[in-house]
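Can you read through this structure? Questions will come right after.
The values are calculated or read from the model by the stated rules, or taken from the named source; none is laboratory data. Everything quoted here is computed from the prediction, not taken from an experiment. All Cβ positions, even for glycine, are placed from backbone atoms using ideal geometry, and neighbour counts span all protein chains on display. Remember, those area values only see protein heavy atoms, side chains included, never the ligands or the DNA or RNA. Shrake-Rupley method; radii C 1.70, N 1.55, O 1.52, S 1.80 Å.
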Amino acid sequence: MITRYSELLDEVLKSDPARVAVAAAQDDAVLQACREAFDRGLATFTLFGDRIKIESVAQKAGVCLDGMKIVNEPDDMRSAMQAVECVSAGNADIVMKGLINTGDLLRAVLDKNVGLRTGRVLSHLAVFELNGFDRLIGVTDGGMNIVPTLAQKADIIQNAAEVFHKLGVDPVKVAVLAAVETVNADMPGTIDAAALAKMTERGQIKGVVVDGPLALDNAVSEDAARHKGIISPVAGKADILLVPNLEVGNVLGKSLVYMAGGKIAGLIVGARRPVVVTSRADTPESKVISIALASLCGRNG
């Protein structure tokens, strides 16, 4: 089981580098991350976008493009379609966002003709390495689905679980977060939590153990769970924290980075192949480990 990001990087290096198709690649931060990942042997890159802009941005940022293929397409939306089609056709393993609106990239990912649909909802998964924890912790969904329905939450769990299976976690323990540990008719999230736990028992969500509602302390601290008398295979041991809505996920994720010093990798999952969407505020290290995580998840088998 991979428990630290140093272990993830070592594991990725055991296989051939993943092939990454970057849409609208004329972005200095993205090009810098690509260069570092390429130099470390984590991935190879095909850059789709305006060749003149890509080369100009790279030169200003001091990024060498040697070893990277450039496919000239000045139109951003068409470059996104070409990057996705490259992956769909089996010529690349991962899609990565460059200087393009996330919604436009995802429209290409979901295109009926060349896209990477699976029938499940797409969702964002942030994976954290945190001091004091003996495992990686996932938070989902803090980046895409604003107020997911029960059915969408089931998909979000399945999407995240597939990533954690790649990390060697089995079974994946999922805590459905709420403010309390009991079902309360006035708090719809607690009702969804109980339903998701029962759905897992009945085999509707596979490869996971789900419990909820659980407050954050009871999800990640065995002492807190014990003090409240909560007996559960998930309480205090959660691998994935399913948040009730995007606002909670966004605040929790940024708190773990900016207040707890956590290291973060982020992916959009639920498509046939992972999609790397990094923020310009992310550290270079975060961008590289996001590429590494996508590389691991993009492997067949």
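Please list, ordered by chain and number, the residues whose modelled amide H lies under 5 Å from the amide H of Lys173; skip anything fewer than 5 residues away on the same chain.
Val209, Asp239, Ile240
Moving to a separate point now. Kirkwood hydrodynamic radius, computed over distinct alpha-carbon pairs, for segment 92-138: how many Å, to one decimal? Could you put the intermediate results ahead of the total?
Details: mean 1/r = 0.0752 Å⁻¹.
In segment 92-138 this quantity evaluates to 13.3 Å.
Now, a different point. How much of the accessible area of the chain, probe 1.4 Å, is carbon plus sulfur, in whole percent?
Working: 6840 of 13300 Å².
Taking all protein chains in place, the chain shows 51 percent carbon and sulfur surface.
Output the pairs from Lys112/Lys198; Lys173/Lys287; Lys206/Lys237; Lys166/Lys237; Lys153/Lys237; Lys206/Lys263 with a Cα-Cα distance over 22 Å in this structure; if there are none, say none. Don't jump to the answer; show the numbers that get you there.
Numbers: Lys112/Lys198 33 Å; Lys173/Lys287 26 Å; Lys206/Lys237 18 Å; Lys166/Lys237 18 Å; Lys153/Lys237 20 Å; Lys206/Lys263 28 Å.
As for pairs spanning more than 22 Å Cα to Cα, those are Lys112/Lys198; Lys173/Lys287; Lys206/Lys263.
Looking only at Cα atoms, what is the convex hull volume of the chain per residue, in Å³?
Dividing the Cα hull volume of the chain by its residues yields 122 Å³.
Could you tell me how many degrees, from 0 to 90 and to the nearest 10, lie between the Cα long axis of helix 284-297 and the main elongation axis, the longest principal axis, of the Cα atoms of the chain?
Helix 284-297 and the main axis of the chain meet at about 80 degrees.
Next up: How would you rank 211-218, 4-11, 117-124, highest first, on the average number of other Cβ atoms within 10 Å across their residues?
Highest to lowest by the protection proxy: 211-218, 117-124, 4-11.
Compute for segment 156-289: radius of gyration divided by Kirkwood radius, i.e. Rg/Rh, restricted to C-alpha atoms, rounded to two decimals.
Details: Rg = 15.3 Å, Rh = 15.8 Å.
When Rh is taken as the Kirkwood radius, the ratio is 0.97.
Shifting gears a bit: When the C-alpha atoms of segment 251-301 are aligned to their principal axes, what extent does each axis show, in angstrom, from largest down?
Largest first, segment 251-301 extends 37, 20, 19 Å along its Cα principal axes.
Residues of segment 90-231: accessible area per residue at 1.4 Å, in Å²?
With all protein chains present, segment 90-231 gives 45 Å² per residue.
If you don't mind, there's one more thing I want to ask. Quick one: net charge around Gly266, please, counting Lys, Arg +1 and Asp, Glu -1 for every other residue with C-beta under 10 Å from its C-beta. Could the numbers behind the result be given before it?
Working: positive: Lys287; negative: Asp282.
Neighbourhood net charge equals 0.
Compute the signed sum of charges (Lys and Arg +1, Asp and Glu -1) over the other residues within less than 14 Å, Cβ to Cβ, of Asn218.
-1
I've got another one for you. Determine the gain in length on full extension of the stretch Arg107-Arg226; use 0.36 nm per residue of separation and subtract their C-alpha separation, reporting nm with one decimal.
Result: 38.3 nm gained on full extension.
Now for a different question. Take the Cα coordinates of segment 79-159, assign each an equal point scatterer, and use the Debye formula without solvent to give log10 I(q)/I(0) at q = 0.17 Å⁻¹.
Result of the Debye calculation: -0.81.
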